[in-house]
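The values are calculated or read from the model by the stated rules, or taken from the named source; none is laboratory data. A quick note: this is a predicted structure, and the numbers were derived from the prediction, not measured. Neighbour counts are summed over all protein chains in view; Cβ atoms, including those assigned to glycine, are modelled from backbone coordinates with ideal geometry. Quick note on the areas: whole protein, heavy atoms, side chains included, nothing else; ligands and nucleic acids left out. Shrake-Rupley method; radii C 1.70, N 1.55, O 1.52, S 1.80 Å.
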Amino acid sequence: STIREFFASWIARKKIETSPRTFDKYQHLADRFIEHLGDRANADLAHLTSKHVQTFRDDILKRLAPATANLALKIIRSALNHAKREGLIVENVAQRIKIITIKEDGTRRAFTLPELKRLIAVAQGEWKGMILFGLYTGQRLGDIATLTWQNIDLEQSEVRLVTNKTGRRQIIPLASPLLRYIEGLPSSDDPKQPIF
């Protein structure tokens, strides 16, 4: 099979095997890899080289964080491991590429109160609410963006959700400023309607 055909079939399989969010990541990455290869994507899978994979990773590194480039490499490795198990290739050439060492001091600084005030002051529309939810619940942006009205319990002054990354169930008390913000929003009769 060609590189293009292999990745198309691998993605079709991943749609069945993974969650929708994971599948979206895999599909996006596979599409970018095929786009990166250009006409070379029509070559036999056995003609894929480690240089093709490395230039793809390095192109990502020029635009995005090292962690994103490493994730791309890991996904390509996974796909090619599948090809090797299926007997389509003899060697996974992506295994030759090293993971980029991420040099961090391990500390993160929280926003200061003046920084938060400036951020909220310039936030428009739904962003103000999303920032408030992040500030008062500590949840990831993706979890906040997918909140629906059924996640909000105004009687108990709580927000209830299951986090996307860990699958952990969270029950978080609503701080007064966040509760006031929510009460000022136009609500919906449909509890499955998104807040944002």
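Determine the dipole magnitude for the chain: charges of +1 sit on the beta-carbon of Lys and Arg, -1 on that of Asp and Glu, nothing else is charged, the reference point is the Cα centre, and the result goes in debye to the nearest 20.
Here the chain has a charge dipole of around 760 debye.
Take Lys51 and Asp24, extend 7 Å from each Cα along the Cα→Cβ direction, and tell me the distance between the two endpoints in nm.
3.7 nm
At a 1.4 Å probe, what is the % contribution of carbon and sulfur to the accessible area of region 27-137?
53 percent
Using modelled backbone amide H atoms (1.01 Å from N, in-plane), which distant-in-sequence or interchain residues come within less than 5 Å of Thr148's amide H?
Residues meeting the amide H criterion: Ile195.
What is the dipole size for region 52-128, taken about its Cα centre, with +1 at each Lys and Arg Cβ and -1 at each Asp and Glu Cβ, in debye to the nearest 20?
Working: 15 positive and 8 negative charges, 28 e Å.
That gives region 52-128 a dipole magnitude of about 140 debye.
Given axes a ≥ b ≥ c from the Cα gyration tensor, I'd like to know whether region 152-196 is rounded (a/c under 1.5), prolate (a/b larger than b/c) or oblate. Don't jump to the answer; show the numbers that get you there.
Details: a/c = 2.12, a/b = 1.32, b/c = 1.60.
Note, shape of region 152-196 comes out oblate.
So how far, in whole Å, is the C-alpha centre of region 125-196 from the one of region 17-75?
So the separation of the two Cα centres works out to 35 Å.
Tally Lys/Arg at +1 and Asp/Glu at -1 over every other residue whose Cβ is under 13 Å from the Cβ of Arg140; what's the total?
On the way: positive: Arg21, Lys165, Arg168; negative: Asp143.
In short, +2.
Under a 1.4 Å probe, what is the accessible area of the chain per residue, stated in Å²?
65 Å²
Would you mind computing, in nm to one decimal, how far apart the modelled labels at Ala121 and Ile171 are, each placed 7 Å from Cα along Cα→Cβ?
The answer from the label model is 3.9 nm.
Got the relative contact order for the chain handy, in percent, Cα pairs under 8 Å and 6 or more residues apart?
14 percent
If the cut-off is 18 Å between C-alpha atoms, which lysines fall inside it for Lys103, apart from same-chain ones fewer than 8 positions away?
Lys62
Kindly write out, for region 190-196 in residue order, the coupling ³J(HN,Hα) from the Karplus curve 6.51 cos²θ - 1.76 cosθ + 1.60 (θ = phi - 60°), rounded to whole Hz, with x marking Gly and Pro.
Residue by residue, region 190-196 yields 9, x, 8, 5, x, 6, 10 Hz.
Lys165: net charge of surrounding residues, Cβ under 15 Å, Lys/Arg +1, Asp/Glu -1, itself excluded? Display every interim value, and only then the final one.
Details: positive: Arg21, Lys25, Arg140, Arg168, Arg169; negative: Asp24, Asp143.
With Lys, Arg at +1 and Asp, Glu at -1, the neighbours total +3.
With each run of n ≥ 4 DSSP H residues scored as -39500 (n - 2.57), what mean residue ellipticity at 222 nm is computed for the chain after dividing by its residue count and rounding to the nearest 500 deg cm²/dmol? Spell out each step's value before the answer.
Values: 8 runs with 102 residues, N = 196.
When only DSSP H runs of four or more count, the value is -16500 deg cm²/dmol.
If you take every residue apart from Phe23 with its C-beta less than 9 Å away from the C-beta of Phe23, what net charge results, scoring Lys and Arg +1 and Asp and Glu -1?
Charge balance near Phe23 sits at +2.
Of the options Ile100, Tyr26, Leu88, report the single residue whose Cα projects farthest towards the positive end of the charge dipole of region 18-101 (beta-carbon charges: Lys, Arg +1; Asp, Glu -1).
Result: Ile100, furthest along the dipole toward the positive end.
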